[in-house]
Amino acid sequence: MPTWGHLGLQDSASPLMEQLIFFHDHAMVVLILITTLVGYMMSTLFFNTFTNRFLLEGQTIEIVWTVLPALILIFIALPSLRLLYLLDEVNNPSVTLKTIGHQWYWSYEYSDFLQVEFDSYMIPSNELPENGFRLLDVDNRTVLPMNTQIRVLISAADVIHSWTVPALGVKADAIPGRLNQVSFLMNRPGLFYGQCSEICGANHSFMPIVVESVSVNSFLNWISTSSEA
Ligand code: CUA
């Protein structure tokens with residue numbers, strides 16, 4: 001989760017988020033190289049006194065400064081497309097979670113099991129325990145098994161919301177009348193925090209998401225005690 005002064009991406013909890021971080025770093029390296037080169041050229045141009053009064057064209061340099069940026073863009077575009085398609089891929093999910101955005105809370109349904117559904121509200125600051133995270137902790141966490149392919153179906157009941165968990169690399173809009181889908185695999189246990197990411201009204205800031213990643217056995221334990229049937 002993010003802590004004070006933390007400006008970078010959160011530590012990944014899924015292989016695809018790890019890849020996203022690698023891609024971010026790759027893009028940053030390209031960015032730094034371009035900024036340095038352009039900065040150097042601009043400063044030399046500024047400080048020297050060469051004037052080319054009779055210069056009309058330079059075919060060679062024009063070819064270079066057209067083709068070079070195009071090549072650089074390809075080196076960013078191809079890994080970007082690879083990730084885009086990888087993130088959209090749903091490979092045989094073992095668990096399906098249905099999440100519905102409401103003003104202003106999330107409700108969850110575990111459709112693979114009998115009658116497991118609940119609402120998840122933020123814990124208000126005045127009821128927060130000593131070790132709680134303000135504006136982030138919820139009364140009912142979304143418990144999911146780790147090392148398991150998970151599919152999340154996302155929709156909304158009133159206005160558009162957005163279900164987001166940065167550590168898992170997932171974000172999808174919850175749109176009334178539409179079912180969106182994300183899929184991920186958690187490679188470690190832990191609590192992964194997220195917030196609604198679509199301006200949805202007065203309490204938009206107060207409908208966080210907490211995914212609790214546990215072992216498959218603990219998950220089955222939890223689901224059997226939560227099941228009402
Ligand atoms: Cu729900 Cu913003």
Original post:
Inside region 173-213, can you point out the residues that are within 19 Å of ARG141 (Cα to Cα), of a type outside the set (Val, Ile, Thr) and more than 16 Å from the ligand (Cβ to nearest atom)?
Top reply: SER183, PHE184, LEU185, MET186, ASN187, ARG188, PRO189, GLY190, LEU191, PHE192, GLU212, SER213
Original post:
For ASN92, all conditions in the list (1) crowded, with 16+ Cβ neighbours inside 10 Å; (2) free of Cβ contacts under 8 Å to residues at least 60 places away in the same chain; (3) assigned to a loop (DSSP other than H, G, I, E, B) hold save one; what is the number of the exception?
Top reply: (1)
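Which of the following residues is at pLDDT 95 or above and either open to solvent by 20 Å² or more (accessible area, probe 1.4 Å) or outside the structural domain of VAL143 (by the TED database) (or both): GLU228, GLU198?
Numbers: GLU228 fails: at pLDDT 95 or above.
Step by step, each of GLU228, GLU198 is checked, and only GLU198 is at pLDDT 95 or above and either open to solvent by 20 Å² or more (accessible area, probe 1.4 Å) or outside the structural domain of VAL143 (by the TED database) (or both).
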**OP:** Could you check VAL211 against (1) more than 18 Å from PHE133 (Cβ to Cβ); (2) in a strand (DSSP E or B) and say which number it fails?
**Re:** (1)
**OP:** For ASN126, indicate whether it is open to solvent by 30 Å² or more (accessible area, probe 1.4 Å) and over 19 Å from the mean Cα position of the chain (by Cα).
**Re:** yes
Original post:
Taking region 159-172 as the search range and keeping residues that are near the ligand (Cβ under 9 Å from one of its atoms) and not in a strand (DSSP E or B), which one is surrounded by the most Cβ atoms within 10 Å (Cβ to Cβ)?
Top reply: VAL159
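The values are calculated or read from the model by the stated rules, or taken from the named source; none is laboratory data. These figures come from a predicted structure and were not determined experimentally. Neighbour counts are summed over all protein chains in view; Cβ atoms, including those assigned to glycine, are modelled from backbone coordinates with ideal geometry. These accessible areas exclude ligands, DNA and RNA; they are computed on the full protein's heavy atoms, side chains included. Shrake-Rupley method; radii C 1.70, N 1.55, O 1.52, S 1.80 Å.
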